[in-house]
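The block underneath contains the structure these notes are about, expressed in structure tokens.
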Amino acid sequence: GAPLALLDYQEVTFWDKICEVFDWADKNVTSTMFSCWAAHAALYHHYGLNRHLRKEKLSGVYQHNTIDKKEPLTRGFESKFNVPHSRFGYIDREDYLSIPALRILAESESAGVYVVASENKQQVYLTGHPEYDASTLHEEYCRDITAGLKPSVPKNYYANDDVDSEPESTWRSHGSLLFTNWLNYYVYQITPYQLDADNIKAIHPGETRGK
């Protein structure tokens with residue numbers, strides 16, 4: 001929730017600390033999911049991918065395409081589905097494609113790349129907000145108006161763009177499925193465990209397997 005959108009990463013006071021968290025997760029966690037600003041920050045830290053900034057904030061609900069229906073992370077998704085976005089930053093599609101270790105799994109003609117995962121499933125990057133409640137974009141819009149920022153009305157969100165109408169969620173089922181798939185296929189099923197008579201211990205990526 002901190003106002004980081006327009007700051008260079010090195011200007012963020014806790015940048016060194018969050019990089020420590022990124023590196024710790026890389027060595028100790030089976031799979032990590034990064035969302036919105038954290039996704040761009042981790043992509044910069046791990047792969048040197050620089051984000052660009054829009055002049056106007058991308059805000060609204062956008063239609064996305066599933067690229068590979070056999071991919072476990074997006075298994076069960078419709079070929080087209082909605083996701084809320086609320087951000088200034090973006091990374092060019094060509095930049096993602098320049099990294100062999102990354103795969104684009106879902107994207108939007110209007111909002112750009114949405115889901116990216118590393119080939120080893122250890123990192124998942126989301127540029128949107130599948131976790132948002134129906135009212136979250138409305139609350140952000142009202143907050144920005146109160147702050148005198150003159151935001152644009154979130155696209156494809158209010159009925160007939162009437163900000164006095166009650167917005168409805170059209171994305172929660174896909175959001176829930178995304179998180180369920182991630183926990184099942186990217187965490188639970190591939191986390192190795194060391195079994196003995198007294199306990200079950202998860203072996204993290206940085207540890208030696210098969211002791």
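The values are calculated or read from the model by the stated rules, or taken from the named source; none is laboratory data. Because the structure is predicted, anything quoted here is derived from the model rather than measured. As a convention, Cβ positions derive from the backbone with ideal geometry for all residues, glycine included, and neighbour counts pool all protein chains shown. In case anyone asks, the SASA skips ligands and DNA or RNA and just uses the protein heavy atoms, side chains included. Shrake-Rupley method; radii C 1.70, N 1.55, O 1.52, S 1.80 Å.
Scanning the stretch 57-79 for residues that are more than 25 Å from Leu137 (Cβ to Cβ) and open to solvent by less than 20 Å² (accessible area, probe 1.4 Å) yields a single hit, Glu71. Within the stretch 96-110, is there a residue that is open to solvent by 30 Å² or more (accessible area, probe 1.4 Å), in contact (Cβ under 8 Å) with a residue 40 or more places away in the chain and hydroxyl-bearing (Ser, Thr, Tyr)? Yes, there is a match, as at least one residue in the stretch 96-110 is open to solvent by 30 Å² or more (accessible area, probe 1.4 Å), in contact (Cβ under 8 Å) with a residue 40 or more places away in the chain and hydroxyl-bearing (Ser, Thr, Tyr).
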